[in-house]
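Enquirer: My questions will all concern the structure given below.
The values are calculated or read from the model by the stated rules, or taken from the named source; none is laboratory data. Everything quoted here is computed from the prediction, not taken from an experiment. Counting neighbours? That spans all protein chains shown, and the Cβs are built from the backbone with ideal geometry, glycine included.
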Amino acid sequence: MLNRRECGVAVEVAARRYLEQAGLRWLASNVHFRGGELDLVMHDVMSVVFVEVRYRQQDSHGSAAQSVDQRKRRKLVMAAQLFLQRHPLLAQVPCRFDVVEGAGRPLQLHWIRDAFRLDDC
């Protein structure tokens, strides 16, 4: 049985593969900044996509996607801004924030494109 950290890594790997099969190109994983982390950074045609990956075995406390609250969104936006400062060429491209929700065993993935916008934070 996987511990919590191993499970999180496995879900992130599955999410990355899922998005790559959907045509997105991987740019980075687990990018850490003070106050925030980006699980996946992908490229989709003309957009940089910041992906938050969430996993819940059961929905008794709400879905994994619902756990991306306003506080978490602000942290993601701040981390995305720092990422773009370090990669100025990507800063010229539109960006969006997606959520990949993993649930259950066997793992089921649900991709929420444009899960939130800068205005929502």
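Enquirer: Could you list, in sequence order, the residues of region 25-39 that are touching a helix residue (DSSP H, G or I) at 6+ places or on another chain (Cβ under 8 Å), within 12 Å of Ala79 (Cβ to Cβ) and in a strand (DSSP E or B)?
Expert: Residues satisfying the conditions are Ala28, Asn30, Val31, Phe33, Gly36, Glu37, Leu38, Asp39.
For every residue, the table says whether it meets (1) at pLDDT 95 or above; (2) loosely packed, with under 14 Cβ neighbours inside 10 Å; (3) of a type in the set (A, V, I, L, M); (4) part of a strand (DSSP E or B).
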site: Arg71; (1), (2), (3), (4): no, yes, no, no
site: Arg74; (1), (2), (3), (4): no, no, no, no
site: Ala79; (1), (2), (3), (4): yes, no, yes, no
site: Phe83; (1), (2), (3), (4): yes, no, no, no
site: Gly102; (1), (2), (3), (4): no, no, no, yes
site: Arg105; (1), (2), (3), (4): no, yes, no, no
site: Asp114; (1), (2), (3), (4): no, yes, no, yes
site: Asp119; (1), (2), (3), (4): no, yes, no, no
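Enquirer: While we're on this one: I'm told Val45 meets every condition in (1) β-branched (Val, Ile, Thr); (2) modelled with pLDDT of 95 or more; (3) under 22 Å from Leu118 (Cα atoms) except one. Can you identify the failing condition by its number?
Expert: With respect to (1) β-branched (Val, Ile, Thr); (2) modelled with pLDDT of 95 or more; (3) under 22 Å from Leu118 (Cα atoms), Val45 is out only on (2).
Enquirer: Still on this structure: Which residues, counting only those in region 3-24, are among the polar types (S, T, N, Q) and assigned to a loop (DSSP other than H, G, I, E, B)?
Expert: Taking region 3-24 first, the residues among the polar types (S, T, N, Q) are 3, 21.
Answer for region 3-24, where residues must be among the polar types (S, T, N, Q) and assigned to a loop (DSSP other than H, G, I, E, B): just Asn3.
Okay, residues lined up against (1) buried (at least 17 other Cβ atoms within 10 Å of the Cβ); (2) without any contact (Cβ under 8 Å) to a residue 60 or more places away in the chain:
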| residue | (1), (2) |
| --- | --- |
| Val11 | yes, no |
| Ala15 | yes, no |
| Leu24 | yes, yes |
| Ala28 | no, yes |
| Gly36 | yes, yes |
| Met42 | yes, yes |
